[in-house]
Every structure is written in C-alpha cells, then in structure tokens.
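The values are calculated or read from the model by the stated rules, or taken from the named source; none is laboratory data. Nothing here was measured: the structure is a model prediction, and the numbers come from that model. Glycine gets a Cβ as well: all are built from the backbone with ideal geometry, and neighbour counts include every protein chain shown.
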Amino acid sequence: MRPSGTSRRALAAVATAPVILLLLGAGAGAGAGCSSGGAAGEGGTGGLGPGMPPAKVDPMDLISDFEEGRALVLPLGTPARGGSWYSYNDGAGTCLQSPAHGTVYYASTSSVPPPGVSRGRALHASWNACATWGAGVGADFNGPGGDGGVSPQRMPYDLTGFAGIAFWAMASPGSESTVRAKVVMRASTQIQDHGTCDEAVLGVDRCGDEWGEPVTLPADGSWKAVTVKFSDAMFKQEGWGQPFAWNPADVLGVQFQSADAGGLYDFWIDDIYLLR
C-alpha cells in the first residue's frame, strides 16, 4: 500500500482530528471465552497457547505488559530497553483516532481479561476513516523521553540473536481484524523522525516501507497468541518504497498499523515479548 499526500513516516508532524469516541467502547463483546491460541504457523497466524510466554522466552525479553498505567517499554534486557507507546495517522481530515497523536498513551482494561501472564491492563488502539493510508500505534525500544510521540532521543536497539516477537491480541467485533505488525529500522525512517533515510535524495514517499507482516486477530471477543518471526515468508517490505535490507542491529521499535486505508480499527494487544 503506497502512501499519498502526507508521508506515513512523518510521525512527528501528523495532526490528529478531534477525537470522537464513536468507536466500539472500552472492549470486545462480553460473554465470549478466551482463545487458547493454536499451533505455531507462518504469516502471524500461529499461537503460543494460553499463559504465554513459551519455555524459550526469558522474562527479561518482555517488551511491554501495560501494567504501569502509562503504556511503556519496560527497562529490561541488556542493554535495558526504554520508551513510550505513541499513536500516529495519515492526517486525513476524516481521521478519528484515540488516543490522539501527541498525547500520553495510557493502558486500559478490556471487558475480556487477557489470558497472558499479566492478565490486567492492555494496549487499546482505535481509529476510523483514516482514508489516505491509515493509522497506527508504536513504541521505540531505545527512545527514552518520548511520551506522546516519537522520542527525540530514539536510537537503534540491536535485535541480533532474536527470532521475532510474540503477543496476545484481539479485535473488537465489527472492526477490521487484520493489522500489519512492523519492525521499524533507522535506515528506512525519515531524517525528521531521527532516522537516516533522506527523501530529498531518494524521492517523496520512498522512506517508511518497513519490514513486517499482516496478522489476523479474532473479532469474536476472544484473545489470540500471535507470533511474528523474522524468518516468516510474509515478513517483508510491502514493496511501494525504497528497498532496504533487513538488519536486526538497526531496529528502532515496533508498530501496528492499518492493513488497508479507511475502515474502523479497534483492537487490543498485551504481553509483547521478543522471541529467541
């Protein structure tokens, strides 16, 4: 999906329309049971089963469990990670997003408790009618001081030795169920967003074609354990921008974005881990 108009990576400059919560409320439909996940598979469709993490995940590889009030990247790992979750969108005049870009992101409590380890708060992302290229939420792994948006101090975090990411997620009934999970690199991020990609040299909208893959979430009130492995056949660039080689040593963070422009997106994510 090639962007037009506002670049999808001009995060710091995106203005969000006034937020009107005509989305789906605070959670998915009540009364549904929790998913137990499934067998691991390609394309982000597999699961790790209830009570993630699996045996091979170290507790120090936890990115976020959203139990701290503000939505934070926890200071774990060597070197310690650190950052804050943020929202961004295409700046379309019809776009409604909650939380709004530039505001501090707080975790929420869904009506169906997450089945993972923390079993408390989760990240709630919602937007509607972002019709240019969409919207998303993300966090830097090495960007302290970035509450409410991209950190001005963001630096790459080396994921060499890690095989992917795993998390619990669900979509609210009636919303879009497919989102794109992306791993953002410094080389593909625009200079104004503290990357090294220069569109003055490459051309407009050539930066920001990040490596990632689509993941399909249940929209029946249940949670699903999702894995995204860097070796997945579907883990790749979308193909609309400048080609960049995958480099795990050059990673800025992770994002979850619209799979298609427009539409209602309302989903929850919890207990995000790095996989070895």
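So which of ARG186, ARG206, ARG276 is more than 16 Å from LEU159 (Cα to Cα) and among the basic types (Lys, Arg)?
After applying the criteria, what remains is ARG206.
Within the range 80-99, track down each residue that is crowded, with 17+ Cβ neighbours inside 10 Å and among the small types (Gly, Ala, Ser). Working first, answer last.
Step one: filter the range 80-99 for residues crowded, with 17+ Cβ neighbours inside 10 Å, giving 81-92, 95-99.
Once the filter is applied, which keeps residues that are crowded, with 17+ Cβ neighbours inside 10 Å and among the small types (Gly, Ala, Ser), the range 80-99 yields GLY82, GLY83, SER84, SER87, GLY91, ALA92, SER98.
Does TRP268 qualify as being among the aromatic types (Phe, Trp, Tyr), assigned to a loop (DSSP other than H, G, I, E, B) and touching a strand residue (DSSP E or B) at 6+ places or on another chain (Cβ under 6 Å)?
On the way: among the aromatic types (Phe, Trp, Tyr): yes; assigned to a loop (DSSP other than H, G, I, E, B): no; touching a strand residue (DSSP E or B) at 6+ places or on another chain (Cβ under 6 Å): yes.
Against the criterion (among the aromatic types (Phe, Trp, Tyr), assigned to a loop (DSSP other than H, G, I, E, B) and touching a strand residue (DSSP E or B) at 6+ places or on another chain (Cβ under 6 Å)), TRP268 does not qualify.
Read through the list (1) within 20 Å of ALA135 (Cβ to Cβ); (2) in a strand (DSSP E or B), then give the number of the only condition that ASP205 fails.
Of the numbered conditions (1) within 20 Å of ALA135 (Cβ to Cβ); (2) in a strand (DSSP E or B), the odd one out for ASP205 is (2).
Any residue that is at positive phi, surrounded by fewer than 23 Cβ atoms within 10 Å (Cβ to Cβ) and free of Cβ contacts under 8 Å to residues at least 60 places away in the same chain - is there at least one of those in the range 245-267?
No: the range 245-267 contains no residue that is at positive phi, surrounded by fewer than 23 Cβ atoms within 10 Å (Cβ to Cβ) and free of Cβ contacts under 8 Å to residues at least 60 places away in the same chain.
So ARG180 ticks every box in (1) of a type in the set (Lys, Arg); (2) surrounded by fewer than 17 Cβ atoms within 10 Å (Cβ to Cβ); (3) in contact (Cβ under 8 Å) with a residue 12 or more places away in the chain but one. Which box is left unticked?
Of everything listed in (1) of a type in the set (Lys, Arg); (2) surrounded by fewer than 17 Cβ atoms within 10 Å (Cβ to Cβ); (3) in contact (Cβ under 8 Å) with a residue 12 or more places away in the chain, ARG180 misses just condition (2).
Quick one: which residue in VAL183, VAL201 is within 30 Å of ARG121 (Cα to Cα) and of a type in the set (A, V, I, L, M, F, W, C)?
The match here is VAL183.
Take the range 163-189 and flag every residue that is closer than 16 Å to ALA139 by Cβ and not in a strand (DSSP E or B).
ARG186, THR189
Each row is one residue, and each column tells you yes or no for (1) assigned to a helix (DSSP H, G or I); (2) of a type in the set (Lys, Arg); (3) modelled with pLDDT of 90 or more.
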| site | (1), (2), (3) |
| --- | --- |
| PRO53 | no, no, no |
| MET60 | yes, no, yes |
| PHE66 | no, no, yes |
| THR78 | no, no, yes |
| SER84 | no, no, yes |
| THR94 | no, no, yes |
| ARG119 | no, yes, no |
| LEU123 | no, no, yes |
